[in-house]
Amino acid sequence: MYAISSHICRKAERVGGRLRYLILGALTRSTYRIDRLKMSENRQTYEDYAQKGHYNHQDWSQRWQNQTTKWHVEEANHHLVENYETHLQDKDNPHSSIFVPLCGKSLDMIWLAQKGHQVVGVEVVEQPCHDFFQENKIEYKVQNLQGVEGKVLTSQVTEMNITIYNCDYFALTPKLLGYRFDSVWDRAAFVAINPDLRCDYAKHLASLMAPSGRGLLVSLNYDINERIHPGPPFCTPDALVQSVFSPLALVQKLSSTLLTGQRIERFHLSYMDENINYLKFNKE
């Protein structure tokens, strides 16, 4: 009798455990559905979304100090590699200048320098500017900028023609540079700049470009209502890219890639489209 009772108790425990598991699973799914329902009931306009998640110099500096910089990758961006020959390379001017705004310590700069280009980046946070040269074992020189708060870091390696201006993006001018850029590679600037500065960003970029200037711009599209914590990278749909840049340049969308995996999971998104746009400045 005791053995039978023990068997019944163990079986009841297993059934009870399974029941608790099913109940918890149902509650979790219900909570998820409720959260999604609340989100759909409170859908925001793009204008509402654009008012949230603004970053300042201190915020970016903190990200670099804490090494929470998942946008930085240890290889050249594949979109740059795939589109370089058709949309950035100038066979008549193999040493043309290429601008990399909000460059951080991007290895795209090394890839472009190895192609023979004069590469110029601008980055407001000082740490990644030094990290770039030190981590890649490139000897460099540091000088204070004249008339502008900031520094300029210059490669001392002949085959690595790379200069990084450690200053505010808007402080960089043709007068300070002494020339205008032939092309621009914007992989992570337009999607990171605060939304209220986008038009100013584009106008300033156009002012830095030579009359025949051209470039590649990465933009992102996702459901803004899925972002739990709004902020960079900001959603920059096709219509926005056109409205901001079309007064300044011809805009052509080259390709769109649906991102998957950890890149979007950490933002709690169901999808994210990464788009590559070609810009031809000073359209007539």
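Throughout, read-outs are computed from the coordinates displayed, never taken from laboratory work. Just so we're clear, the structure is a prediction, and the values are computed from it rather than from any experiment. FYI the Cβ positions are ideal-geometry reconstructions off the backbone, even for glycines, and counts take in every protein chain you see.
Judged by the mean number of other Cβ atoms found within 10 Å, the most tightly packed of the peptides 204-215, 129-140, 82-93 leads the ranking 204-215, 129-140, 82-93. Its alpha carbons considered, segment 224-280 gives a radius of gyration followed by a Dmax of 13.0, 36 Å.
At a threshold of 8 angstrom on Cα-Cα distance, excluding pairs fewer than six apart, so keeping six or more, what relative contact order does segment 199-284 reach in percent?
On the way: 135 pairs, mean separation 37.2, N = 86.
Over segment 199-284, the number comes to 43 percent.
Counting charges near Cys103 (Lys, Arg +1; Asp, Glu -1) among other residues having Cβ under 11 Å from its Cβ returns a value of -1. The fraction of Cα-Cα pairs per 5 angstrom bin, counted from 0 for segment 173-284, comes to 2, 12, 21, 23, 17, 12, 7, 4, 2, 0 percent, rounded to whole percents. A simple count of charges around Val73, restricted to other residues whose Cβ falls under 12 Å of its Cβ and scoring Lys, Arg +1 and Asp, Glu -1, yields +1.
For a distance above 29 Å, tell me the whole-number percent of Cα pairs in segment 46-281 that qualify. Can you show the working numbers first?
On the way: 6652 of 27730 pairs.
For segment 46-281, the share of Cα pairs beyond 29 Å comes to 24 percent.
Considering only the other residues whose Cβ falls under 15 Å of the Cβ of Lys91, what net charge follows from Lys and Arg at +1 and Asp and Glu at -1?
The answer is -2.
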